[in-house]
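Please treat every number below as a calculation from the coordinates, not as lab data. All of these numbers come straight from a predicted model, not from anything done at the bench. Please note: Cβ atoms are built from the backbone with ideal geometry, for glycine as well, and neighbour counts cover all protein chains shown.
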Amino acid sequence: MLYQLYETQRALLSPFAEFASATGKLYSHPLSPFAQAPGSQRMAAGFDLMHRLTKDYEKPAFGITSVQVDGVDVAVQEQVIEAKPFCRLLRFKRYTDNAQMLERMRAQPIVLVVAPLSGHHSTLLRDTVRTLLQDHKVYITDWVDARMVPLADGEFHLADYIAYVQNFIRSLGPEVNVISVCQPTVPVLAAISLLASKGEFTPRTMTMMGGPIDARKSPTAVNNLAMNRTHEWFEQNVIYRVPQNFPGAGRRVYPGFMQHTGFVAMNPDRHANSHWDYFLDLVRGDDDSAEAHRQFYDEYNAVLDMDADYYLETIKTVFQDFSLVHGTWNVRGELVRPQDITTTALLTVEGELDDISGAGQTEAAHGLCSGIPADRRQHYLVQGAGHYGIFSGRRWREMAYPEVRKFILAHQQPVAEPASQQVVAAPATAKGKKSAAT
């Protein structure tokens, strides 16, 4: 019922959002006589803010059409490599007529970025992808809004998430490097552990950034909520069925608007001040600051629904049972054993001021991956960075990324499997996909 009420409210507010947008333009357009009236800038700013507070936010586009590689501008085309009911594997293919640059790009490492499935779209990692494209061939998981997935496509469990990641790794081949940001650090570590346990190839490197590998360490407000509520409480209070006006009508989900409300409630003063500053920027005519606000909230306010089974299993496995660190996580009959990973190098990245994944939570992966030699493991703390700062913004580009790039480049030579481990070849399709990557 709550979801239906939310949709009704959204439908009722839609005309007001359009009215506010039109009225704001009436008071700001240079050819409008109202724009010459006293106080017109304040009127325009007020209606613009009203429009942004009442409008619906759709999934943004990545919008990456070009990137600089060694000082040379190259074109970028977004391609769908593989489409599954709950996820698409995207590739950002780079093009250039410069033969020398083309050969250089072909020799660069392959990176699979596993984006979070925790309320926001994968476009939240736009800056991550754009920066990586300077030195890598980049793929990313683009998770589908569960309300857009028909019931006929089945349920989505945490084990399915792991299977998706394994499938993408197999498709890209043994030269792939995996980067997981926040939520996926746990299922990605499980996926690679299970590959290692079965004797399949594992990625050259795995970089884990700001994730709850061991949520017991330095628990944050987000961790405490998950730890202090029972499984039944979550099922009864945050799980709803998708209304009839979506393809996934009837599907049980954790609605994105509820998670967004929770995020805003964590720092209400900060968001209120940000909107007030936006109003003042519009009045002053500070277009650059106003545009920066729009870009941030266009992304921040665009949310997706998560399948209920996946969400509830994640809460229980990661934040209540701590199954990974206790060594009790069983995925469809197979025990998750990070100690079986031996040939994949490990880099963990944390933000000094991270209020989502506390200090030491990601670094805990080193204790679990005891089979990786110490000289192939590294931890990096981004000074002064909050949660978003480790994968987006100036600190990501100037501090975290150079470390990630250097680590990946240093571990591109294959490492021999232990004699006791059977090596399983990649599927035949991987070879063709690897040779075509640029």
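What the table below lists for this structure:
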quantity	calculated
Rg/Rh for region 208-247, where both radii come from Cα atoms and Rh is the Kirkwood radius	1.16
Where labels lie 7 Å past Cα in the beta-carbon direction, separation of Lys25 and Gln79 in nm	3.8
Residues with amide H under 5 Å from that of His120, placed H, sequence gap 5 or more	Leu304
Stokes-Einstein D for the chain, Kirkwood Rh over Cα pairs, 25 °C, 0.890 mPa s (µm²/s)	105
Burial ranking of peptide ranges 199-205, 39-45, 182-188, 214-220 (average Cβ count within 10 Å, highest at the top)	182-188, 199-205, 214-220, 39-45
Distance between region 238-282 and region 311-356 - C-alpha centres, whole angstrom	28
Cut-off under 5 Å, modelled amide H: who pairs with Ile110 long-range	Lys137, Asn177
Relative contact order (percent, whole number), region 93-160, Cα cutoff 8 Å, 6+ residue spacing	35
Label point 7 Å beyond Cα of Asn267 along Cβ direction - residues of region 365-398 with amide nitrogen under 18 Å	382-397
Dipole magnitude of region 191-281 about its Cα centre (Cβ charges: Lys, Arg +1; Asp, Glu -1), debye to nearest 20	380
For Glu200, distant residues with modelled amide H under 5 Å away	Val424
Residue-averaged 222 nm ellipticity for the chain, from DSSP H runs of 4+ at -39500 (n - 2.57), nearest 500	-12000 deg cm²/dmol
Magnitude of the charge dipole, region 294-385, Cβ model with Lys/Arg +1 and Asp/Glu -1, debye to 20	380
Charge dipole magnitude, Cβ of K and R +1, D and E -1 - region 265-421, Cα centre, debye nearest 20	640
Euclidean distance between Cα centres, region 115-178 to region 70-98, Å	14
Gained length - Arg42 relative to Gln100, 0.36 nm times residue gap less alpha-carbon distance	15.5 nm
Segments 120-128, 316-324, 235-243 sorted - mean Cβ within 10 Å per residue, highest first	120-128, 316-324, 235-243
